[in-house]
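Just below is one structure, and these are the notes that go with it.
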Amino acid sequence: MTCTVVVGTQWGDEGKGKIVDLLTEHADVVVRYQGGNNAGHTVMFGDKTFILHLIPSGILRNSISVLGNGVVIDPAEMIKEIDALKKMGVAVENNLKISSRAHLVMPYHKAMDQLREKQKGDQKIGTTGRGIGPAYMDKIGRLGVRLEDLNDVNDFKRRLEEILPEKNCLFEHHFHSTPFSAQQIVDEYMEYYVRLKSYLADTSTLLNTAIEQKKKILFEGAQGTFLDIDHGTYPYVTSSSTIAGGACTGSGIGPGKITSVVGIVKAYTTRVGSGPFPTELNDDMGVYLRTTGQEFGATTGRPRRCGWFDAVLVKQAADLNGLTSLAITKLDVLDKLETIQIAVHYKDRNGQLMDSFPSCGLEQVTPVYEEMPGWKCSTRNISKYEDLPQALKNYLKRIEVLTGVPVAIISTGPRREETIVHQSVWI
């Protein structure tokens with residue numbers, strides 16, 4: 001039995017899709033355990049590019065692909081993604097399983113998300129406006145709607161009639177917006193249910209049975225460690241638990257069954273949306289990283305903020321997730337640089353050196369950099385660790401020392417084939 005969790009160690013967009021796709025060659029089951037269609041994974045191999053928002057990228061390897069109970073699902077987007085994959089020749093029917101306990105993103109969630117962001121103006125969080133946060137709010141507030149609630153149309157309507165009066169009061173009197181009709185939502189969502197019903201399963205039982213059968217299971221997180229609702233840069237976070245521990249609650253397995261945790265880390269740092277970012281570069285180098293790395297969101301197309309590698313941040317991620325190995329992505333973006341900076345400490349506003357990641361006040365710290373020479377040559381198409389330039393190996397070793405985690409996978413380009421597996425991550 002092997003259960004490996006793949007997590008982002010920064011603010012998301014680290015290249016998890018590619019690494020998950022690589023690891024699923026050896027996986028029997030791939031599980032998405034949190035988030036919604038506010039995240040996107042881009043997978044490239046051969047002449048094909050797949051952009052996935054909800055479905056685990058294991059679907060491209062014909063692995064059983066599971067959406068766990070911790071995911072929130074916009075059914076219209078789910079159906080759109082299924083249809084797009086089918087059109088590209090991907091086998092979805094027998095391989096996709098969706099937890100019947102997964103909560104639904106409702107039309108009023110999306111409306112509320114967008115209205116709240118608009119109301120906040122310059123103080124907005126920077127959400128995607130897709131209703132993910134409000135859906136999780138209702139889940140925790142016991143006002144959510146689960147996929148299994150649609151099994152009986154009359155029960156579903158009664159549920160909505162209990163929920164909507166409070167929602168509509170808010171829309172009409174606070175947001176001065178149009179209220180929602182229970183019947184219109186019922187009619188729309190029952191059509192979705194007809195399309196999705198065949199994919200529903202008790203996925204917790206499915207996964208625990210697979211574990212008993214000694215299957216290899218890969219758990220795929222969305223977003224990154226520092227968007228975690230508890231451990232991220234609050235309040236500029238997502239609404240779910242993005243760290244490795246979330247794999248257990250979001251899929252229905254016990255923590256003792258996790259055998260390894262792979263942290264995906266970009267060779268520099270990026271962030272989408274608002275919030276503190278100590279190593280952000282608002283200069284020509286920041287523009288260079290964005291344009292060379294094609295740093296635009298797979299889901300939203302938003303340009304990402306870019307900065308140097310932050311070892312303080314990634315060391316904290318190693319501790320929070322219990323990382324057993326690292327996968328480094330986007331190294332090729334640094335190929336032409338004369339020198340490269342790594343943030344190895346912070347200084348607080350009083351000039352005191354900080355070796356640990358603060359729980360608050362991150363916007364007031366100043367990074368302390370260590371400079372390393374660049375390798376100044378192309379790393380594309382290098383397939384063996386031994387063939388990497390020595391300066392790049394030195395950069396990787398320094399990251400290992402600063403984070404306390406060995407580098408197992410090295411990505412030298414966006415495609416599946418442009419990867420060096422330095423050591424196995426399956427334990």
In segment 302-321, which residues are touching a residue at least 12 places away in the same chain (Cβ under 8 Å) and open to solvent by 30 Å² or more (accessible area, probe 1.4 Å)?
-> Arg302, Pro303, Arg305, Lys315, Gln316, Leu320
Return a yes/no flag: does segment 402-409 have any residue that is assigned to a helix (DSSP H, G or I) and either within 28 Å of Phe296 (Cβ to Cβ) or not basic (Lys, Arg) (or both).
-> yes
Unmet requirement for Asn381, which otherwise passes all of (1) assigned to a strand (DSSP E or B); (2) under 28 Å from the mean Cα position of the chain (by Cα); (3) surrounded by fewer than 18 Cβ atoms within 10 Å (Cβ to Cβ) = (1)
Pull up segment 338-348, narrow it to residues that are open to solvent by 10 Å² or more (accessible area, probe 1.4 Å) and of a type in the set (Val, Ile, Thr), then point me to the one that is farthest from Gln390 (Cα to Cα).
-> Val344
Return a yes/no flag: does segment 400-417 have any residue that is open to solvent by 20 Å² or more (accessible area, probe 1.4 Å), more than 30 Å from His231 (Cβ to Cβ) and without any contact (Cβ under 8 Å) to a residue 24 or more places away in the chain.
-> no
Residues (open to solvent by 80 Å² or more (accessible area, probe 1.4 Å), outside any loop (DSSP other than H, G, I, E, B) and touching a strand residue (DSSP E or B) at 6+ places or on another chain (Cβ under 8 Å)) located in segment 353-365 = Leu353
Meets criteria (without any contact (Cβ under 8 Å) to a residue 12 or more places away in the chain, out of contact with any Phe, Trp or Tyr (no Cβ under 7 Å at 6 or more places or on another chain) and on the phi < 0 side of the Ramachandran plot) for Lys384 | no
Only unsatisfied item for Gly89, checking (1) in contact (Cβ under 8 Å) with a residue 12 or more places away in the chain; (2) over 20 Å from Ala222 (Cα atoms); (3) out of contact with any Ser or Thr (no Cβ under 8 Å at 6 or more places or on another chain), is (1)
Where residues in segment 105-124 are more than 17 Å from Asn37 (Cβ to Cβ) and not charged (D, E, K, R), which of them is modelled with the highest pLDDT?
-> Leu115
Within segment 8-19, can one find any residue that is in a strand (DSSP E or B) and at pLDDT 95 or above?
-> yes
Examine segment 326-335 for a residue that is of a type in the set (Gly, Ala, Ser), in contact (Cβ under 8 Å) with a residue 24 or more places away in the chain and assigned to a loop (DSSP other than H, G, I, E, B), and state whether such a residue exists.
-> no
Going by the structure shown, is Ile420 among the hydrophobic types (A, V, I, L, M, F, W, C), outside any helix (DSSP H, G or I), more than 26 Å from Phe226 (Cα to Cα) and out of contact with any Asp or Glu (no Cβ under 6 Å at 6 or more places or on another chain)?
-> yes
Could you grab me the full set of residues in segment 170-183 that are surrounded by fewer than 12 Cβ atoms within 10 Å (Cβ to Cβ), at pLDDT below 95 and part of a helix (DSSP H, G or I)?
-> His173
Go through Glu81, Glu93, Glu77 for me and flag whichever is part of a helix (DSSP H, G or I) and surrounded by fewer than 18 Cβ atoms within 10 Å (Cβ to Cβ).
-> Glu77
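Residue by residue, here is whether (1) in contact with a Lys or Arg (Cβ under 8 Å, 6 or more places away or on another chain); (2) more than 21 Å from Glu280 (Cβ to Cβ) holds:
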| site | (1), (2) |
| --- | --- |
| Leu313 | no, no |
| Asp319 | no, yes |
| Lys330 | yes, no |
| Val333 | no, no |
| Ile340 | no, no |
| His345 | no, no |
| Ser359 | no, no |
| Ile382 | no, yes |
Is it true that Lys86 is part of a helix (DSSP H, G or I), among the basic types (Lys, Arg), more than 30 Å from Pro165 (Cα to Cα) and open to solvent by less than 40 Å² (accessible area, probe 1.4 Å)?
-> no
Just one of Arg116, Arg159, Arg101 is surrounded by 15 or more Cβ atoms within 10 Å (Cβ to Cβ) and more than 25 Å from the chain's Cα centre (by Cα); which is it?
-> Arg159
Of (1) touching a helix residue (DSSP H, G or I) at 6+ places or on another chain (Cβ under 8 Å); (2) among the polar types (S, T, N, Q); (3) surrounded by fewer than 22 Cβ atoms within 10 Å (Cβ to Cβ), Ser240 fails just (3)
Criterion violated by Val186 - all others in (1) touching a residue at least 40 places away in the same chain (Cβ under 8 Å); (2) open to solvent by less than 20 Å² (accessible area, probe 1.4 Å); (3) out of contact with any Pro (no Cβ under 6 Å at 6 or more places or on another chain) satisfied | (1)
Could you tell me which residue of segment 322-337 is modelled with the highest pLDDT, considering only residues that are within 17 Å of the chain's Cα centre (by Cα) and open to solvent by 10 Å² or more (accessible area, probe 1.4 Å)?
-> Leu323
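The values are calculated or read from the model by the stated rules, or taken from the named source; none is laboratory data. This one's a predicted model, so the numbers in the text were calculated from it and none came from an experiment. Don't worry about glycine lacking a Cβ; one is built from the backbone with ideal geometry, like all the others, and counts go over all protein chains shown. Areas reflect the complete protein model, heavy atoms only, side chains present, ligands, DNA and RNA absent. Shrake-Rupley method; radii C 1.70, N 1.55, O 1.52, S 1.80 Å.
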